[in-house]
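The values are calculated or read from the model by the stated rules, or taken from the named source; none is laboratory data. Here the structure is a predicted model, which means the values were calculated and not measured. Note: ideal-geometry Cβ built from the backbone for every residue, glycine included; neighbour counts use all protein chains shown.
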Amino acid sequence: MLLAFPGVIGLQSQVATPLAIIALTSGVGWLLLRMRHGPPPGSDDGSGAQL
């Protein structure tokens, strides 16, 4: 929204573009930091199925 239509919220494009880039990179960074690298602590390491 900030990149496409900065005038809608009353910002000039010189101000909206850096804000949009910062918001976009922050969101992507947050998602990457929240990714898990394996099972959560305390989970069972079994195969899952019991017969």
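One table, with the values for the structure above:
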| quantity | calculated |
| --- | --- |
| Qualifying residue in the range 31-45 (condition: more than 9 Å from the chain's Cα centre (by Cα), surrounded by 10 or more Cβ atoms within 10 Å (Cβ to Cβ), at pLDDT below 90 and part of a loop (DSSP other than H, G, I, E, B)) | no |
| The range 8-27, subset exposed (fewer than 10 other Cβ atoms within 10 Å of the Cβ) and part of a helix (DSSP H, G or I), residue modelled with the highest pLDDT | GLN14 |
